[in-house]
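What follows is one structure encoded as structure tokens, with my remarks underneath.
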Amino acid sequence: MRIIFWARRHGLRTATVCIIFLYYLSERDGFCCVWVQKLDLKTKKPDGDIQAVYHAHQARFRLNFPPGSGTLAVAKNKLALWVGETTGNIYVATPKKK
């Protein structure tokens, strides 16, 4: 499962260089996490290693629940995530004796 988002990183722009990153959600480490891949500006091919941006390894907080609903928004110096929280309660009842 991968959900992909493009971002042009204005903060890393110099007079002659503009760096492009590809942000995506992936379960490559067994949990749905945010990853980023730097891309070559001209060829759009990967340039360097994949980096983890945000690890969501807690069962309570999920980035892609229900599956396929993961949302990620990228802006200058910002990354917005939709994080679902799953909780539950356990109730124990003892019936009254008659």
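The values are calculated or read from the model by the stated rules, or taken from the named source; none is laboratory data. The structure displayed is predicted, hence computed values, not measured ones. Methodologically, a virtual Cβ is constructed for each residue, glycine included, from the backbone with ideal geometry; neighbour enumeration extends over all protein chains shown.
Assorted remarks:
- Considered as a group, the residues in segment 60-69 that are under 15 Å from the mean Cα position of the chain (by Cα) and in a loop (DSSP other than H, G, I, E, B) include one that is modelled with the highest pLDDT, and that residue is 63.
- Some residue of segment 39-56 being polar (S, T, N, Q), outside any loop (DSSP other than H, G, I, E, B) and either at pLDDT 85 or above or under 20 Å from the mean Cα position of the chain (by Cα) (or both): yes
- Scan segment 68-92 for residues that are loosely packed, with under 12 Cβ neighbours inside 10 Å and among the β-branched types (Val, Ile, Thr) and the total you get is 4.
- In segment 1-27, the residue that is modelled with the lowest pLDDT out of those that are under 18 Å from residue 81 (Cα atoms) and either over 21 Å from the mean Cα position of the chain (by Cα) or assigned to a loop (DSSP other than H, G, I, E, B) (or both) is 1.
- Taking the listed residues 29, 40, the one that is surrounded by 11 or more Cβ atoms within 10 Å (Cβ to Cβ) and in contact with an Asp or Glu (Cβ under 6 Å, 6 or more places away or on another chain) is 40, with no other qualifying.
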